[in-house]
Amino acid sequence: MSLDTLLSYNWSVMVPEFIILGVIALLTIFDLFMPKTLDRKILGWIGIAAVFAAMVSLVPLAGGPVESILDDTFRLDSFAIAFKLLLLGGAGLVLFLAVSYEAKEGLELYKGEFYYLFLTALLGGMIMTSSGDLITLYIGLELLSISSYILAGIRKNNLQSNESAMKYVINGSISSAIILFGLSYVYGLTGSTNLLNIAGQLSQLMDGQQAYLLGLSFLMVLVGLAFKLAAAPFHMWAPDVYQGAPTPVTAFLSVVSKTAGFVIVLRIMLTVFYSAATDGPGSMPIMYDMQNYIAVLAGATMIIGNVVALKQTNIKRLFAYSSIAHAGYLLVALTTMTPNIFYTMWFYLLAYLLMNIGAFAVIQVVTAKTGSEKIADFAGLYRRAPVLAVAMGILLVSLAGFPGTAGFIGKLNIFIGTFVVQQPHYVLASIMIATTVVSYFYYFGIMVQMFFRPAADESKFNIPFGILVVLIIAVVGSILFGVMPNLALDFMHNNLDVLMDFFSQG
C-alpha cells in the first residue's frame, strides 16, 4: 500500500482508538520509569481522562454517514458508535473502581500493569465494534481475550487467582479455536474475509452441500461464542474466574467483556448467517433454520444461571451465575430476531452495565472491609453504611427486573419481542418469567442480610470518592432509564440508524 493511499484515508474515524492506544503507550512508559514507591493510582486517573476524551471524540461522529477505511476492514457506522459508547462508559466506571481498590496479596507490585492491560482489552472491544472483516474481528477478540487472561491472574501470589486464570486461558483458547474452525468454512465457501462481501455471496447460495457446510460453520461459531459469553452449558469457567479475579477485573469481565462478546455475536451472526439463504435467493435465511439451537442455549442458560445461583454463599460466585442468567435473557432477543433487535440488546446492555457495575462497587467496599466474600458478611449493612445498603437495594431491584427500573424495561422489551414475530416463542417467554421469579429469591436474600440481619461488627464504612461516583451514576441511571427509557431509545432512533447502517455498503 502506497503512502498516498494511506494519506487518502479519513483517519479521523479512528480518533477514539488512537486516543486509547496512545495512552496505553504512555502508561506503559510511565509505569516503567516511575519510582516504585509512587502510588500508581495516577495512572488510573490518566486512564479515566483518556476514556472520557475518547467518548467526547466519538459523540460528534453520531448521525454522520457510514465511513469505511482500510479496504472496508474498519467501519464507523451507527452500530459501532452505539456499542463503543457502552464500552467506553463501562470502562470509565470500572476504572473508578480500580483507583479505589486497595491492592493486596502482591498486587501492589503490578497495579500499574492493570491499567494499561485494561485499556488494551478495551481497545480490542472497540476494534470489534468497527470490524468489517473476519480478520480484524478476530484480532480485536484476541486482544480483548489475552488481556483478560492476564488480568484474571494478576494476583500472582494468590492460588485461587492462578487457578481461575488457568481455567480461563484453557477455555478461552478452545473457544477461539472452535470459532476459527467455523469461520474457515465461511472463508472456504466465499473466498473472502470481508463481512459484506461474504453476505452478498452467501445470499446467492443454492448448493445443498454448501448449505450443509454453512450450517456446520454456524454451530461451531455458536458454540465458540457461547464459551465467550459464559452461556450454559459452556459456563463452568465463569464462577471460578469471577471469584479468583480482583473485584475491578470481575466487574470488567461481567460487563465490558460481555458487551464486547455480544458485539461479535451480532456482527457475525446477523451479517454472515442472516444473509445466507439455504434454498437459493429469496428463501429463508439460515438463522431462521437455526433458531431452535439458539433457543435451547438461551433456555438452558436462563435456567442454570438462576437455579444454581440459589445455592451460592460467595457474593462474587452468585453474581457470576447472575451474569450467566442475564446472558440467557440476551440470547432470547437473538433468538426472536425482531426488527428492533439492535435497540433491544443495546438498551438491555446499558441497563445491565449500570446495575452490575454499581453492585460490584458495593461488593468491593464490603469485601475490602470484612476481608471476606461471603454473602453473610453483608448482614447489618444498613446500620453500618445506609448509603451503600440503599444503593445496593435499588440496584438489586433493577437486576431482578422490578417496574420503575432500567432492568424492568430491558426485560420487558425482550419479553414483548418473543410475541411480535411470525411464530411466537411461548416456551422461551415462559422460561423467562419463571427464571426471573427464581432470581428474586437470591437477590432479595442479599437484601434480607443488609436490612434485617444484625451486624457482627458495628464499625462504619469509609466510602472512597471513586466508589461514590460509580454509585451515583449507576443508581441515577437505573432509575432514570426505568422511569424515562425514551431518553436512551430516542437517542438511538434519532441519531443512530443502526439497522440501515449495519447492512449498508458504506
Seminar exercise, completed: Counting as exposed only trypsin sites (Lys or Arg not before Pro) in DSSP loop states with no more than 11 other Cβ atoms inside 10 Å, the longest exposed-site-free span of the chain is 37-310
Exercise. Amide H to amide H under 5 Å from Phe74: which residues, 5+ apart in sequence or cross-chain, H placed 1.01 Å off N in plane?
Worked result: Ile69, Gly132
Exercise. Where Rh is the Kirkwood radius over the Cα pairs of the chain, the temperature 20 °C and the viscosity 1.002 mPa s, what D in µm²/s does Stokes-Einstein return?
Worked result: 93 µm²/s
For this session: Could you line up Val221, Val249 from fewest to most neighbouring Cβ atoms inside 10 Å?
Result: Val221, Val249
Seminar exercise, completed: Here, Asp72 and Val421, labelled 7 Å along Cα→Cβ, have an inter-label distance in nm of 2.8 nm
For this session: Compute the distance in nm between two label points, each set 7 Å from the Cα along the Cα-to-Cβ direction, one at Ser192 and one at Asn314.
Result: 4.8 nm
For this session: Kindly give Rg over Rh for the range 364-506, based on alpha-carbon atoms, with the Kirkwood expression for the hydrodynamic radius.
Result: 1.09
Exercise. Assuming R0 = 41 Å, what is the FRET efficiency of Ala455 and Phe33, from their Cβ-Cβ distance, to the nearest 0.05?
Worked result: 0.35
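Could you calculate the FRET efficiency of Asp207 with Ile174 from 1/(1 + (r/R0)^6), where r is the beta carbon distance between them and R0 is 25 Å, rounded to 0.05?
For R0 = 25 Å, the calculated efficiency reads 0.20.
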Exercise. Local charge sum around Ala327 (other residues, Cβ-Cβ under 14 Å, Lys/Arg +1, Asp/Glu -1)?
Worked result: +3
For this session: Could you go through the range 145-154 in sequence order and give the Karplus-derived ³J(HN,Hα) for each residue, using 6.51 cos²θ - 1.76 cosθ + 1.60 with θ = phi - 60°, rounded to whole Hz, and x for Gly and Pro?
Result: 5, 5, 4, 5, 4, 5, 4, 5, x, 5
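Determine, from the Cβ-Cβ distance of Phe491 and Phe444 and an R0 of 41 Å, the FRET efficiency 1/(1 + (r/R0)^6), rounded to the nearest 0.05.
About 0.80, to the nearest 0.05.
At 222 nm, what helix-only mean residue ellipticity would the chain give, in deg cm²/dmol to the nearest 500, using -39500 (n - 2.57) for each DSSP H run of four or more?
Calculated mean residue ellipticity at 222 nm is -23500 deg cm²/dmol.
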Problem set entry | Percent of C-alpha pairs per 10 Å bin, the range 68-200, short to long | 12, 33, 32, 17, 6, 0
For this session: Calculate the dipole size of the chain relative to its Cα centre from +1 charges on Lys and Arg beta carbons and -1 charges on Asp and Glu beta carbons; express the result in debye to the nearest 20.
Result: 1660 debye
Problem set entry | Rounded if a/c under 1.5, otherwise prolate or oblate - the range 184-302, Cα gyration tensor axes | prolate
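Read-outs throughout are calculated quantities, based only on the coordinates presented, and are distinct from any laboratory measurement. Just so we're clear, the structure is a prediction, and the values are computed from it rather than from any experiment. Every residue, glycine as well, gets a Cβ built from its backbone with ideal geometry; the counts of neighbours run over all protein chains shown.
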